[in-house]
Amino acid sequence: MFDAIAPRYDMLNRLMSFGMDRGWRRHAVDRALIGRPATILDAGAGTFDLSLEAWRRSANAPRVIALDFAGEMLAHGMARARRDGADVSALQGDALRLPLASGSVDAVVSAFLPRNLDSLPRAWSGFARVLRPGGVLVILEMTPIRTPVFRHLFRLYFHRWIPWVGRRISGHGAAYTWLPESVDDFPTAQELAQQIEAAGFVDVRFRKHALGAVAIHVARRP
């Protein structure tokens with residue numbers, strides 16, 4: 001599915017978020033860069049939006065590893081990295097079976113990946129394994145809105161408008177029907193924070209954006 005939508009993925013992200021996703025990514029990257037990490041893993045890197053943002057905004061030229069399961073996503077991301085002259089390495093692999101040594105990265109960043117995983121506890125455990133002590137985890141993800149009025153408006157937008165636009169631009173309606181469905185059953189921001197803390201992370205905190213539809217979680221490996 002993600003291979004199929006790779007050619008139009010970036011454009012649809014901008015349309016669906018009205019361009020706000022760029023700001024969310026900048027906020028997420030800035031949290032990860034506070035400790036001046038030497039090695040950053042972008043898990044579920046897609047077409048490298050977060051990877052390239054990390055490379056551009058860092059003052060110390062970190063090594064950025066962009067991991068994704070979909071080969072077409074990585075191919076589009078590498079084309080973007082070459083155009084920008086960015087030092088980003090592509091790695092095809094499963095976020096639940098990270099092909100990296102324990103304690104090998106200083107920061108793990110991820111945007112809109114967890115909703116697509118079969119096991120969130122395994123994801124948090126894997127991220128903790130590859131992080132060095134003191135390393136930072138930053139997760140940017142959509143979360144369900146519980147406020148009744150906003151929830152109703154959001155569902156209209158997400159369950160009607162998003163599939164319609166996605167089907168016409170990407171030619172792959174199933175992908176953009178899956179997107180709203182994956183948010184409906186996803187944990188709230190508070191529940192996600194509790195899961196991350198239960199996996200052994202400390203200093204877990206989050207900030208909501210877009211009326212609560214998006215949250216950025218930050219945590220540290222002790």
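When you look at Leu96, is it within 16 Å of the chain's Cα centre (by Cα), modelled with pLDDT of 95 or more and part of a loop (DSSP other than H, G, I, E, B), yes or no?
Numbers: within 16 Å of the chain's Cα centre (by Cα): yes; modelled with pLDDT of 95 or more: yes; part of a loop (DSSP other than H, G, I, E, B): yes.
Spelling it out, Leu96 is indeed within 16 Å of the chain's Cα centre (by Cα), modelled with pLDDT of 95 or more and part of a loop (DSSP other than H, G, I, E, B).
Which one of Pro163, Pro187 is within 19 Å of Ile139 (Cβ to Cβ), out of contact with any strand residue (DSSP E or B) (no Cβ under 9 Å at 6 or more places or on another chain) and at pLDDT below 95? Walk me through it before giving the result.
Details: Pro163 fails: within 19 Å of Ile139 (Cβ to Cβ).
None of the other options fit; the residue is Pro187.
Once the range 105-128 is narrowed to residues that are modelled with pLDDT under 95, part of a loop (DSSP other than H, G, I, E, B) and not aliphatic (A, V, I, L, M), the residue that is most open to solvent (accessible area, probe 1.4 Å) is Asp118.
If you check Leu33, Leu52, Leu12, which single one turns out to be at pLDDT 95 or above and within 22 Å of Met142 (Cβ to Cβ)? It would help to see each step written out before you state the result.
Details: Leu33 fails: within 22 Å of Met142 (Cβ to Cβ); Leu12 fails: at pLDDT 95 or above.
Of the residues listed, the single one that is at pLDDT 95 or above and within 22 Å of Met142 (Cβ to Cβ) is Leu52.
Flag set for Ser102, criterion: closer than 19 Å to Arg221 by Cα and exposed (fewer than 13 other Cβ atoms within 10 Å of the Cβ). Considered as a group, the residues in the range 66-90 that are part of a strand (DSSP E or B) and of a type outside the set (A, V, I, L, M, F, W, C) include one that is most open to solvent (accessible area, probe 1.4 Å), and that residue is Ser89.
The values are calculated or read from the model by the stated rules, or taken from the named source; none is laboratory data. The shown structure was predicted, so the numbers you read here are calculated from the model rather than taken from an experiment. Cβ atoms come from the backbone with ideal geometry, glycine included; neighbour counts cover every protein chain shown. Please note that ligands, DNA and RNA were not included when accessible areas were found on the heavy atoms of the full protein model with its side chains. Shrake-Rupley method; radii C 1.70, N 1.55, O 1.52, S 1.80 Å.
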